[in-house]
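Below: one structure, written as structure tokens.
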Amino acid sequence: MKKILNFLFEHQTLSQSESKQVLLDIGKGAYNEYELSTFISVYLMRTITLQELIGFREALLEMCVALDFEDRKVMDIVGTGGDGKNTFNISTLSCFVVAGTGQQVAKHGSYGASSISGASNLMEALGYKFKNDAAALKREIDESNMCFLHAPVFHPALKIVATIRRNLGVRTFFNLLGPMVNPSNPAFQLIGVYNLEISRIYNYLLQGENRAYAIIHSLDGYDEVSLTADVKMITKAGESILTPLQLGKQYVNQHDLHGGESIEAAAQIFMNILKGKGTVAQNAVVTANAALALLITDKYTDYETARFDATESLMGGKAFGVYKKLIALQA
């Protein structure tokens, strides 16, 4: 690692093969926590290159615990995190809403490193038990339309660096890898990013893959549709700008998206919205994200129909029904 660090300190970048080897070695436990902290810190001071991201991703997928959902065409809704906004768990709520419409979901997530409550913190607080048992996960999808994939139980390298990331408490390049390494290889994916540069890197990575996707970035910095500003969306078909009025029929204020100051508070906000008791602003944001996700599938040709079904799922109790079935399977 000393040689690698000295190389990086000279403002050099790693090749795809070098990046892959470093992550493979991290997964094998080859480096101590001080070496890992220093390595991670390099990418706090500069943007990761495309070749480095590809190499890191290849390593994680090579080491990943295999998961084959066979002919199940699952959806993932995920953000990079690290936008510093401390919103309620919009992506995870959107997953339940999408599942409530009948679309199967395999949500990939982890503990929050730079936020109070990441997807895994929330799901754990709600009673979900992390697992990488393919049979159990398939049963959850078949019976509830949803399962949750806790990243560290599928990716050894992520488990090794989890404590370091949590202690650093800031966004790292591992935030960028998370959305790219869902072990179920979802057929559909809505990905939120915290800046436009990363959206273009993701688009380059995904263009050659056999999946339908949309990459979104709220122009005021959110890694999801926030309805606080216009949203840049990138798909295989091209780029577009969408306004809050188009997506949610309204603008909302940043304070409407606050996620609480503890995991317990985040879980309470989450459940309140999931039960259909959220504020008008909270409901609008969740249904807008869910509707864009549905639009990626081949079941919808227009946004308004997708938004109608997402609203019906949330306000009609279907999303909450997904939650009840999923948690009942944890016994």
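A few points about this structure:
- For the chain, the mean residue ellipticity at 222 nm estimated from helices alone is -15000 deg cm²/dmol, where every DSSP H run of n ≥ 4 contributes -39500 (n - 2.57) and the total is divided by all residues, rounded to the nearest 500.
- Gyration tensor (alpha-carbon) shape descriptor, the stretch 35-78, a/c threshold 1.5: prolate
- Stretch in the chain that is longest and holds no GluC sites (Glu not before Pro) that DSSP places in a loop and that have at most 14 other beta carbons within 10 Å: 71-208
- Protection proxy ranking of 245-253, 153-161, by the mean of other Cβ atoms within 10 Å over each peptide's residues and highest first, is 153-161, 245-253.
- At an R0 of 51 angstrom, the distance between the Cβ atoms of D71 and L219 translates into a FRET efficiency of 0.85.
- Remark: spin-label model distance Q207-L50 equals 0.7 nm, labels positioned 7 Å along the Cα→Cβ axis.
- Most mobile listed residue (K232, K138, K299) in the chain, GNM with C-alpha springs under 10 Å: K299
- Separation in nanometres of the label points that stand 7 Å from Cα toward Cβ, at D142 and L196: 4.7 nm
- Choice from I164, I116, I273 with maximal GNM fluctuation in the chain (Cα, 10 Å cutoff): I164
- Once both labels are positioned 7 Å from their Cα atoms along Cα-to-Cβ, the gap between N6 and T279 label points is 5.6 nm.
- The chain pair-distance distribution - Cα-Cα, 10 Å bins, rounded %: 6, 28, 36, 23, 7, 1
- Antiparallel bridge percentage (DSSP; both residues within the stretch 75-328; nearest 5): 40 percent
- Legend: residue pairs K73/K232; K129/K159; K249/K318; K107/K324; K277/K299; K73/K159, Cα-Cα distance threshold 24 Å; pairs beyond threshold, K73/K232; K277/K299; K73/K159.
- Of Y202, Y43, Y128, the one that fluctuates the most in a GNM where the chain has Cα springs shorter than 10 Å: Y43
- √(5λ) per eigenvalue of the Cα gyration tensor, the stretch 76-207, largest first, Å: 22, 18, 15
- Relative contact order of the stretch 2-63, pairs being alpha-carbon contacts under 8 Å that are 6 or more residues apart, as %: 55 percent
Since every read-out is calculated from the coordinates, none of them should be taken as a lab result. This one's a predicted model, so the numbers in the text were calculated from it and none came from an experiment. All Cβ positions, even for glycine, are placed from backbone atoms using ideal geometry, and neighbour counts span all protein chains on display.
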